[in-house]
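Peer 1: There's a structure below that I have some questions on.
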There are 2 protein chains.
Amino acid sequence: MYRTKTCGELRASDNGSVVTLAGWVQRSRKMGGMTFVDLRDRYGITQLVFNEAVDKELCERANKLGREYCVQVTGKVCERESKNANMPTGDIEVIASELNVLSESLTPPFTIEDNTDGGDDIRMKYRYLDLRRAAVRRNLELRHRMTILIRNFLDSKQFIEVETPILIGSTPEGARDFVVPSRMNPGQFYALPQSPQTLKQLLMVSGFDRYFQIAKCFRDEDLRADRQPEFTQIDCEMSFVDQDDVIDLFEEMARHLFREIRGVELPKLQQMTWHEAMRRFGSDKPDLRFGMEFVELMDVLKTGAFPVFDSAEYIGGICVPGCASYTRKQLDQLTDFVKRPQIGAKGLVYVKYNADGSVKSSIDKFYGPEVFQKLKEKMGASDGDLVLILSGDKPNKARMQLCALRLEMGDRLGLRDKDRFECLWIVDFPLFEWSDEEQRLMSTHHPFTMPNPDDIPLLDEHPERVRAKAYDFVCNGIEVGGGSLRIHDGKLQEKMFGILGFTPEKAMAQFGFLINAFKYGAPPHAGLAFGLDRFVSIMAGLDSIRDCIAFPKNNSGRDVMLDAPGVLDVKQLEELHLKVDLGQE
Amino acid sequence: MYRTKTCGELRASDNGSVVTLAGWVQRSRKMGGMTFVDLRDRYGITQLVFNEAVDKELCERANKLGREYCVQVTGKVCERESKNANMPTGDIEVIASELNVLSESLTPPFTIEDNTDGGDDIRMKYRYLDLRRAAVRRNLELRHRMTILIRNFLDSKQFIEVETPILIGSTPEGARDFVVPSRMNPGQFYALPQSPQTLKQLLMVSGFDRYFQIAKCFRDEDLRADRQPEFTQIDCEMSFVDQDDVIDLFEEMARHLFREIRGVELPKLQQMTWHEAMRRFGSDKPDLRFGMEFVELMDVLKTGAFPVFDSAEYIGGICVPGCASYTRKQLDQLTDFVKRPQIGAKGLVYVKYNADGSVKSSIDKFYGPEVFQKLKEKMGASDGDLVLILSGDKPNKARMQLCALRLEMGDRLGLRDKDRFECLWIVDFPLFEWSDEEQRLMSTHHPFTMPNPDDIPLLDEHPERVRAKAYDFVCNGIEVGGGSLRIHDGKLQEKMFGILGFTPEKAMAQFGFLINAFKYGAPPHAGLAFGLDRFVSIMAGLDSIRDCIAFPKNNSGRDVMLDAPGVLDVKQLEELHLKVDLGQE
């Protein structure tokens, strides 16, 4: 028996009892013949006391303990004279009578405290020490709690968790697959799943009725901010349901999670069409924690006075409350911000409605006071507000630029509070997007998404106008989940593959198993997947999904702790019938 | 709303209510102007009735329904005149008033019933239809139920489920890794984990205290019977515990599972040493559902009369009750059985103690009646019993052959009842095994296993005599789980690597992250992993783990439904800087 209690559970009511604890030395200090050691384990911190006057030899051994030594201590629980209300065990201390060093420690490369002095790189290399920090460990505890809640919720709704394989076939459609050479099938490769999409649809064909899986997914994409090559989905699929059935059920699940994890009661969520979200917020994942909605200004500003606006297809503004006092320098910063390549605006127009009633604008040489008055009314601006305006040839492109600006202003004004949660559903996505790169229509979601039945007549002539039976769950400007009704009619599925530019042969080669399965009484079905990493990040108020992943990879896809990936033995490559050819580019 | 009820829930108390059901046509039959259709979904089967006299057109449409059509039906629940006590919905039928074909079906390639006419190959190719069979689906439902029970049990014991990465580094020790080329790190490869062993030990160094994960694991081994390239482990690790703490906790978990899933109350389990298990049953996973324990016969049969026995290091027998009547042919079959290459015995000796008191043996020309009488006493045989004897130069090899024979006799006598569960722990494994192939000592479990502290003095001179602090959970002759105390002392770990023939450099290159981690206050820790696929198979009484896996692979590692693995595009290979070279062998 290494311990009789953990370091988080002793209270004043334990006064007088003899206990054995085990844990790590958080810190120690000498004070007037006494040595105080904070002993830490996962459950908390307990103060140990070594008294020189009582046991000199023991106290001397305690003085030699370094940070992060792993020790076992026996002693008597004593109520403290000066209690520490900041820690759960602050009412007591343990007067040590035995000390056993289980394992010594080198000096850690960074301090193991909530506010550590370790940079990202060193903390990732020594991730096993970083994970000792309560701030990091709590994220993983929350992740565990969420998955337990999710599984029990879905179980109570008759969902069955089914494990689908990790070694499957490669499908070039979509993102890039990770592949796995097969030794037993020389020259052939498995692929790791980007999601269990087709397999869960097969489970619906099998009559599983309600499936879920907390599933590892893999995408070999160039890693932009906050992407990981492997990530986790809460993957769900249901039969004999319509869009509202799915939305209702998963809204209930989200409500359950927010209540249990954060003590927050979600209201009935609004459903906003994709078009409305683009028009009002320039995004298919609007952050509703603050206003600054877009106002379209073509009628006010296309007067023949300012050629940039006259030739623009779209002119939109946001009203930033109380920021008319922005300096020249601040406004220049905002102009630089929207001109950054990843945003790509050509310029930024501002109008300051000063507190004294005067107006100052970057375009006041083009327009008279009556236009600025009309603009003020249209924007709903008050004296003291700042109006920011962007324009462009392509309305949705300009809207996305304005969205970036709106979010920036939300950040600057502290309006994006991590302890507030504004969730909604986005519906009526376009079924297709035009790809300039591929010069063809692509699925907005994936080729199995059901078109809105009302729009099926448009499929041949105006596919770009067809709406999808698809829905995204958005929270605080982040797409946390998304799904759709699926096509369950083989003929419609073939038509879709045709519009996407698949020859029948290619469709068959890639998705033959699914096309065939649909010939045997496929039920109507629909599904949804939440990004678990994102969902946990939001719940925990994290900036990056990395912080809720035990052993994340860096932006080059490397695990710097394991030093993976690495080179293989020649023998391993030979067994796989492979040669590495670094000359290829 | 596609349905108001499922096909499994209607009872006599629903009489008179109007319901909508959706599901698949299991079968239909016409009888005197009526058409009866059995409608099936995951929850059960409900009988539908179409009455020609009431609605001729509807009845005609019902007559056209083929097997496995997916349909929606509305009708009135009616108590049946002749009830069917064999089905939960057997008290009622639904008099259909509306019929909507959701999806037609081709004739399935095999019948979708518990006893199907489909062979293994066709059922795997059309696995999505095979999964419609209740017998198959129930295994996956049980698997789901078990994982929910396991997670909630471990959660209640303060275990945290932590996801460890699937893309890790390759470690040539142990079985062969599956590898994944990294596009972003040309010429380098990830490996898929054979188990999260080292990562869970790092989590202990991190102070996670109690970790678990239901984790996918991967081994690129040649697939013998009942192995899969990917399989699932219930993987656990605990800090500050000794062997008995681990055994107690997981015995409690097993007891909980057997109680909840099978209604069986496990007794307190015995712990048998590896040596005892080998001596009594010739196996480290003895099947205790029946007796026929080994009796060592060297003292009785080494008399100088029979050279084969005189030169044998080991002679052992089992007493098969009531089989003295075995014919010449049956005994020849048994001889052929033990001579099969995978068993490898040279021959089989039998002694029949006939019911009439006479003795007949294949060695009666070598021994007189007094030896057979002594043998009878030693074996505890009665008149009517058959004694089977094997001998050999290498005791444990001969014991394993005798074990195969014992299990065969158990099967023949119907003593291996799938509804009985005999579990035990095997302890005190040898720490090392000698590998003839590698000409060196190998870890019986893995290089992180703690030697028995009493045996540490033997490490240098007699490593083969050192016992491990390792334990296996065995049920009905199957190793369901296994684990060990781990070394948490860096110096002892280095010594172990040395005995296993690792140079310090090689040990560092492969396990440097773990060796380094142990320098920062590693706690004593221990763990265990259950094979989920095996555990489910035992609970469900299955012959193969394949039957509890949704989409299993065949013996060539192929998924015949997905037709994976497959060849890659040239472009994909180029991006990965790889060339396939089938000329290599």
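The values are calculated or read from the model by the stated rules, or taken from the named source; none is laboratory data. Note that the structure is a prediction, hence the values are computed from the model and not measured. Methodologically, a virtual Cβ is constructed for each residue, glycine included, from the backbone with ideal geometry; neighbour enumeration extends over all protein chains shown.
Peer 1: Condition first: assigned to a helix (DSSP H, G or I) and closer than 30 Å to B:Met238 by Cα. Now tell me which residues in region A:35-58 satisfy that.
Peer 2: Residues of region A:35-58 assigned to a helix (DSSP H, G or I): A:56-58.
Correct list: A:Leu58 only.
Peer 1: For region B:542-575, which residues satisfy the criterion of being buried (at least 21 other Cβ atoms within 10 Å of the Cβ), over 17 Å from A:Phe513 (Cα atoms) and more than 7 Å from every other protein chain (Cβ to nearest Cβ)?
Peer 2: Those that are buried (at least 21 other Cβ atoms within 10 Å of the Cβ), over 17 Å from A:Phe513 (Cα atoms) and more than 7 Å from every other protein chain (Cβ to nearest Cβ): B:Ile545, B:Cys548, B:Ile549.
Here's the yes/no breakdown for (1) within 30 Å of B:Asn555 (Cβ to Cβ); (2) assigned to a helix (DSSP H, G or I); (3) touching a residue at least 24 places away in the same chain (Cβ under 8 Å):
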site	(1), (2), (3)
B:Asn139	yes, yes, yes
B:Pro165	yes, no, yes
B:Asp177	yes, no, yes
B:Gly187	no, no, yes
B:Pro193	yes, no, yes
B:Leu202	no, yes, yes
B:Gly207	no, no, yes
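Peer 1: Would you check which residues across region B:563-585 are in contact with a strand residue (DSSP E or B) (Cβ under 6 Å, 6 or more places away or on another chain) and under 18 Å from A:Leu199 (Cβ atoms) and list them?
Peer 2: B:Ala564, B:Pro565, listed by residue number.
Let's see how each residue does on (1) surrounded by fewer than 18 Cβ atoms within 10 Å (Cβ to Cβ); (2) polar (S, T, N, Q); (3) within 21 Å of the chain's Cα centre (by Cα):
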{"residue": "B:Glu113", "(1), (2), (3)": "yes, no, no"}
{"residue": "B:Asp117", "(1), (2), (3)": "yes, no, no"}
{"residue": "B:Arg127", "(1), (2), (3)": "no, no, yes"}
{"residue": "B:Val136", "(1), (2), (3)": "no, no, yes"}
{"residue": "B:Leu140", "(1), (2), (3)": "no, no, yes"}
{"residue": "B:His144", "(1), (2), (3)": "no, no, yes"}
{"residue": "B:Leu154", "(1), (2), (3)": "no, no, no"}
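Peer 1: Sort out which residues of region B:110-133 are modelled with pLDDT under 95 and within 11 Å of chain A (Cβ to nearest Cβ), and write them in order of number.
Peer 2: Correct list: B:Ile112 only.
Peer 1: Checking the condition basic (Lys, Arg) and touching a strand residue (DSSP E or B) at 6+ places or on another chain (Cβ under 9 Å), which residue from A:Lys360, A:Lys329 passes? Before the answer, list the steps.
Peer 2: Numbers: A:Lys329 fails: touching a strand residue (DSSP E or B) at 6+ places or on another chain (Cβ under 9 Å).
After ruling out the rest, the residue left standing is A:Lys360.
Peer 1: Of the numbered conditions (1) surrounded by 15 or more Cβ atoms within 10 Å (Cβ to Cβ); (2) within 33 Å of the chain's Cα centre (by Cα); (3) of a type outside the set (A, V, I, L, M), A:Asp393 fails exactly one; give the number of that condition.
Peer 2: (1)
Residues are listed down the side, and each one gets a yes or a no for (1) within 8 Å of chain B (Cβ to nearest Cβ); (2) touching a Cys at 6+ places or on another chain (Cβ under 6 Å); (3) at pLDDT 95 or above:
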| position | (1), (2), (3) |
| --- | --- |
| A:Glu221 | no, no, no |
| A:Arg224 | no, no, no |
| A:Glu230 | yes, no, yes |
| A:Asp244 | no, no, yes |
| A:Leu257 | no, no, yes |
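Peer 1: Take A:Tyr211 and decide whether it is of a type in the set (Ser, Thr, Tyr), buried (at least 24 other Cβ atoms within 10 Å of the Cβ) and more than 9 Å from chain B (Cβ to nearest Cβ). Reasoning before the result, please.
Peer 2: Numbers: of a type in the set (Ser, Thr, Tyr): yes; buried (at least 24 other Cβ atoms within 10 Å of the Cβ): yes; more than 9 Å from chain B (Cβ to nearest Cβ): yes.
Against the criterion (of a type in the set (Ser, Thr, Tyr), buried (at least 24 other Cβ atoms within 10 Å of the Cβ) and more than 9 Å from chain B (Cβ to nearest Cβ)), A:Tyr211 qualifies.
Peer 1: Further question: Go through region A:485-536 and report how many residues are part of a helix (DSSP H, G or I) and within 14 Å of another protein chain (Cβ to nearest Cβ).
Peer 2: Just the residues of region A:485-536 that are part of a helix (DSSP H, G or I), to begin with: A:490-499, A:504-517, A:532-536.
Now restrict to residues that are within 14 Å of another protein chain (Cβ to nearest Cβ): A:490-493, A:506, A:508-517, A:532-533, A:535-536.
Count: 19.
Peer 1: Report, by residue number, each residue of region A:242-276 that is of a type in the set (A, V, I, L, M, F, W, C) and not in a loop (DSSP other than H, G, I, E, B). Walk me through how you get there before you give the answer.
Peer 2: Narrowing region A:242-276 to residues of a type in the set (A, V, I, L, M, F, W, C): A:246-247, A:249-250, A:253-254, A:257-258, A:261, A:264, A:266, A:269, A:272, A:274.
Across region A:242-276, the qualifying residues are A:Val246, A:Ile247, A:Leu249, A:Phe250, A:Met253, A:Ala254, A:Leu257, A:Phe258, A:Ile261, A:Met272, A:Trp274.
Peer 1: Quick one: which residue in B:Phe258, B:Phe294 is outside the structural domain of B:Cys403 (by TED's automatic domain parsing) and of a type in the set (Phe, Trp, Tyr)?
Peer 2: On inspection, the qualifying residue turns out to be B:Phe258.
Peer 1: Check B:Glu408 against each of (1) modelled with pLDDT of 95 or more; (2) crowded, with 18+ Cβ neighbours inside 10 Å; (3) under 26 Å from the mean Cα position of the chain (by Cα) and name the one condition it does not meet.
Peer 2: Evaluating B:Glu408 over (1) modelled with pLDDT of 95 or more; (2) crowded, with 18+ Cβ neighbours inside 10 Å; (3) under 26 Å from the mean Cα position of the chain (by Cα) leaves (2) as the failure.
Peer 1: Restricting to region B:153-176, name every residue that is more than 7 Å from chain A (Cβ to nearest Cβ) and modelled with pLDDT of 95 or more.
Peer 2: Across region B:153-176, the qualifying residues are B:Phe153, B:Leu154, B:Ser156, B:Lys157, B:Gln158, B:Phe159.
Peer 1: If you don't mind, there's one more thing I want to ask. Quick one: which of B:Arg399, B:Arg416 is closer than 30 Å to B:Gln330 by Cα and part of a loop (DSSP other than H, G, I, E, B)? Full working, then the answer.
Peer 2: Details: B:Arg399 fails: part of a loop (DSSP other than H, G, I, E, B).
Just a single option satisfies the conditions, and that option is B:Arg416.
Peer 1: On to the next question. Kindly indicate which of B:Glu52, B:Glu81, B:Glu9, B:Glu57 is within 23 Å of A:Tyr211 (Cα to Cα) and either within 14 Å of chain A (Cβ to nearest Cβ) or without any contact (Cβ under 8 Å) to a residue 40 or more places away in the chain (or both).
Peer 2: When all the criteria are applied, what remains is B:Glu9.
Peer 1: So, one more: Look at B:Lys469 and say whether it is within 11 Å of another protein chain (Cβ to nearest Cβ) and in contact with a Pro (Cβ under 8 Å, 6 or more places away or on another chain).
Peer 2: On the way: within 11 Å of another protein chain (Cβ to nearest Cβ): no; in contact with a Pro (Cβ under 8 Å, 6 or more places away or on another chain): yes.
Answer is no for this residue.
Peer 1: Looking at region A:166-186, is at least one residue among the β-branched types (Val, Ile, Thr) and within 21 Å of the chain's Cα centre (by Cα)?
Peer 2: Filtering region A:166-186 down to residues among the β-branched types (Val, Ile, Thr) leaves A:166, A:168, A:171, A:179-180.
Right, trim to within 21 Å of the chain's Cα centre (by Cα) and you get none.
No, every residue in region A:166-186 fails to be among the β-branched types (Val, Ile, Thr) and within 21 Å of the chain's Cα centre (by Cα).
Peer 1: Looking at (1) more than 29 Å from A:Gly541 (Cα to Cα); (2) in contact with a helix residue (DSSP H, G or I) (Cβ under 6 Å, 6 or more places away or on another chain), which one does A:Arg399 not meet, given that it meets all the others?
Peer 2: (1) is the only condition that A:Arg399 fails.
Peer 1: Between a first residue in region A:420-449 that is at positive phi and a second residue that is not hydrophobic (A, V, I, L, M, F, W, C), which pairs have beta carbons less than 8 Å apart while being 6 or more apart in sequence or on different chains?
Peer 2: Close Cβ pairs satisfying both conditions: A:Asp428/A:Thr273; A:Asp428/A:His275; A:Asp428/A:Asn452; A:Asp428/A:Arg467.
Quick grid of which residues meet (1) in contact with a helix residue (DSSP H, G or I) (Cβ under 8 Å, 6 or more places away or on another chain); (2) within 14 Å of chain B (Cβ to nearest Cβ); (3) crowded, with 21+ Cβ neighbours inside 10 Å:
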{"residue": "A:Asp235", "(1), (2), (3)": "yes, yes, yes"}
{"residue": "A:Arg262", "(1), (2), (3)": "yes, no, no"}
{"residue": "A:Lys302", "(1), (2), (3)": "yes, no, no"}
{"residue": "A:Val308", "(1), (2), (3)": "no, no, no"}
{"residue": "A:Ile315", "(1), (2), (3)": "yes, no, yes"}
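Peer 1: Report, ordered by the first and then the second residue, all pairs with beta carbons closer than 6 Å, sequence separation of six or more or different chains, a first member in region B:508-522 that is in contact (Cβ under 8 Å) with a residue 40 or more places away in the chain, and a second member that is hydroxyl-bearing (Ser, Thr, Tyr).
Peer 2: These pairs meet every condition: B:Gln510/B:Thr171; B:Leu514/B:Thr198; B:Ala517/A:Tyr128; B:Tyr520/A:Ser105; B:Gly521/A:Tyr69; B:Gly521/A:Ser103; B:Gly521/A:Ser105; B:Ala522/A:Ser103.
Peer 1: Of everything in region B:463-484, what is surrounded by fewer than 18 Cβ atoms within 10 Å (Cβ to Cβ) and in a helix (DSSP H, G or I)? Give them in sequence order. Walk me through it before giving the result.
Peer 2: Step one: of region B:463-484, the residues surrounded by fewer than 18 Cβ atoms within 10 Å (Cβ to Cβ) are B:464-465, B:478-479.
Result: B:Glu464, B:Arg465.
Peer 1: Please count how many residues of region B:289-323 are among the small types (Gly, Ala, Ser) and under 34 Å from the mean Cα position of the chain (by Cα). Reasoning before the result, please.
Peer 2: Residues of region B:289-323 among the small types (Gly, Ala, Ser): B:291, B:304-305, B:311-312, B:316-317, B:322.
Pick out the ones that are also under 34 Å from the mean Cα position of the chain (by Cα) and you get B:291, B:316-317, B:322.
Of the residues in region B:289-323, 4 are among the small types (Gly, Ala, Ser) and under 34 Å from the mean Cα position of the chain (by Cα).
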